[in-house]
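The values are calculated or read from the model by the stated rules, or taken from the named source; none is laboratory data. Please read all numbers here as calculations on a predicted model, not as lab measurements. Note that we place each Cβ from the backbone using ideal geometry, even for glycine, and neighbour counts take in every protein chain shown. To get the accessible areas, we keep the full protein, side chains included, count just its heavy atoms, and leave off ligands, DNA and RNA. Shrake-Rupley method; radii C 1.70, N 1.55, O 1.52, S 1.80 Å.
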Amino acid sequence: MNLLETLNKEVNELKTPNKLQIARYIYRKTGKLFEYDPNWFFKKEEREDLKSKQIDIKNVTDYNITCFSWAKMYSELLREFGIDSRVKYKQESFRDEKTGAYFVNTVSANVEVLIDGQVYIADLDINDMAAIKFGLNTHNNCEPLKESNKTKKYPTEEEAKINRIKEMLDIIKEKEHLNNEEYIFQAYRAIQNNVNFTKPNVGFTVGKAYIDKLLEFFALVGYKSYNVCFYDNEKQKYMSVYIVPLNGENHFFSYEKQISGLYKFDEVPKERIDFYFQNYKYKLSETLKQKVNANEENTIENVVETRTK
């Protein structure tokens with residue numbers, strides 16, 4: 001795909017000289033087209049290579065990005081439209097547990113956009129990418145540095161729908177006297193029944209981030225899910241399985257690609273999870289890792305088999 005050519009045509013159709021509007025349009029367009037690279041989360045040894053990855057704006061063949069490749073690409077695109085910008089990198093200090101030595105690592109990147117003497121921050125993180133794909137308000141699409149100048153956000157149709165689902169869950173909890181486990185289980189069911197993951201270009205990473213965001217909103221304050229991500233490097237197949245205890249028995253919800261190529265969030269039988277453990281590599285969420293490590297007799301298999309608290 002020649003992204004620059006496509007954007008030239010679409011921006012021309014906007015018929016606007018407003019550079020901020022153009023910059024925000026390009027931001028949303030890239031958020032629709034690209035997906036956050038799952039390898040950033042599954043293959044730490046590849047992160048340095050992913051940081052240096054470049055996207056050819058005239059011949060896009062790979063739609064997996066990180067904040068680093070996106071920032072460089074976005075800044076390049078803005079320059080093509082006569083908009084000044086620069087990539088900004090965030091660095092943090094870390095301590096090597098073996099040697100005790102401290103080192104500095106570059107952990108993220110965003111873009112400073114300069115329009116009419118005003119500095120705006122563009123930061124297409126995974127939450128903003130999910131917002132674009134699912135019809136929510138973005139928070140980092142060329143927002144002014146000064147808080148007082150932040151763009152006022154009105155709820156979108158999708159956000160209003162999410163609020164209605166939350167209200168429905170609260171009513172059900174009160175009317176049916178649900179305990180916490182029963183309420184949380186209904187929150188998973190609400191996502192299964194009400195969220196469309198077949199929107200264009202919703203892949204593994206963004207879809208999972210959106211599920212986690214919804215769970216945080218629907219479930220109880222402080223709720224953290226138990227989940228395990230399975231992956232097959234050769235087939236580039238990724239699944240995220242949530243373990244949901246309910247009245248002494250574990251239930252399983254999986255977010256994964258279907259034969260059609262689209263993703264779906266659905267309750268699945270334990271036999272499928274057993275198959276995944278036998279055939280795929282996996283990575284535990286921090287909450288599940290803590291559960292496994294809490295007792296010397298715990299293994300991931302018996303934690304999944306028994307009730308998870």
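Annotation: amide H of V107 within the under-5 Å range of K90, Q91, E92, sequence separation 5 or more or interchain, hydrogens built in the peptide plane. From the Cα gyration tensor of region 124-272, with a ≥ b ≥ c the square roots of its eigenvalues, which class applies: rounded if a/c is under 1.5, or else prolate if a/b is larger than b/c, or else oblate? Because a/c hits 1.5 or more and a/b fails to exceed b/c, region 124-272 counts as oblate.
How high is the relative contact order of the chain? Use alpha-carbon pairs under 8 Å, at least six apart in sequence, and give a whole percent. Write out the running numbers ahead of the final one.
Working: 442 pairs, mean separation 37.9, N = 309.
Answer for the chain is 12 percent.
Taking amide H as placed 1.01 Å from N in the peptide plane, N137 has its amide H under 5 Å from the amide H of T156, each at least 5 places away in sequence or on another chain. Size estimate for region 7-85 follows the Kirkwood approach: the inverse of mean 1/r over distinct Cα pairs works out to 13.5 Å. For region 17-111, relative contact order (Cα pairs under 8 Å, six or more residues apart, normalised by length) works out to 23 percent. Per residue, the chain exposes 55 Å² of solvent-accessible protein surface, assessed with a 1.4 angstrom probe and all protein chains in place. The portion of the accessible surface of region 184-223 made up by carbon and sulfur, rounded to a whole percent, is 48 (1.4 Å probe; DNA, RNA and ligands excluded). Taking amide H as placed 1.01 Å from N in the peptide plane, I115 has its amide H under 5 Å from the amide H of Y120, each at least 5 places away in sequence or on another chain. Quick one: net charge of I172's neighbours, Cβ under 13 Å, K/R +1, D/E -1? Summing Lys/Arg as +1 and Asp/Glu as -1 gives 0.
Leaving ligands, DNA and RNA out of it, report the carbon-plus-sulfur percent of the accessible area of region 1-87 at a 1.4 Å probe. Walk me through the numbers on the way to the answer.
Values: 1940 of 4400 Å².
Result for region 1-87: 44 percent of the exposed heavy-atom area is carbon or sulfur.
Based on the Cα coordinates of region 187-250, what is the per residue volume of their convex hull in Å³? Walk me through the intermediate numbers first.
Working: hull volume 6.9 nm³, N = 64.
Enclosed volume per residue, from the Cα hull, is 108 Å³.
Under the convention that each Lys and Arg Cβ holds +1 and each Asp and Glu Cβ holds -1, the size of the dipole of region 196-269 around its Cα centre is about 260 debye.
For region 180-275, state which trypsin sites (Lys or Arg not before Pro) are in a DSSP loop and have at most 15 other beta carbons lying within 10 Å of their beta carbon.
Working: sites: R189, K208, K213, K224, K235, K237, K257, K264, K270, R272; in loops: K224, K235.
Taking region 180-275 and a limit of 15 other Cβ atoms within 10 Å, the loop trypsin sites (Lys or Arg not before Pro) found are K224, K235.
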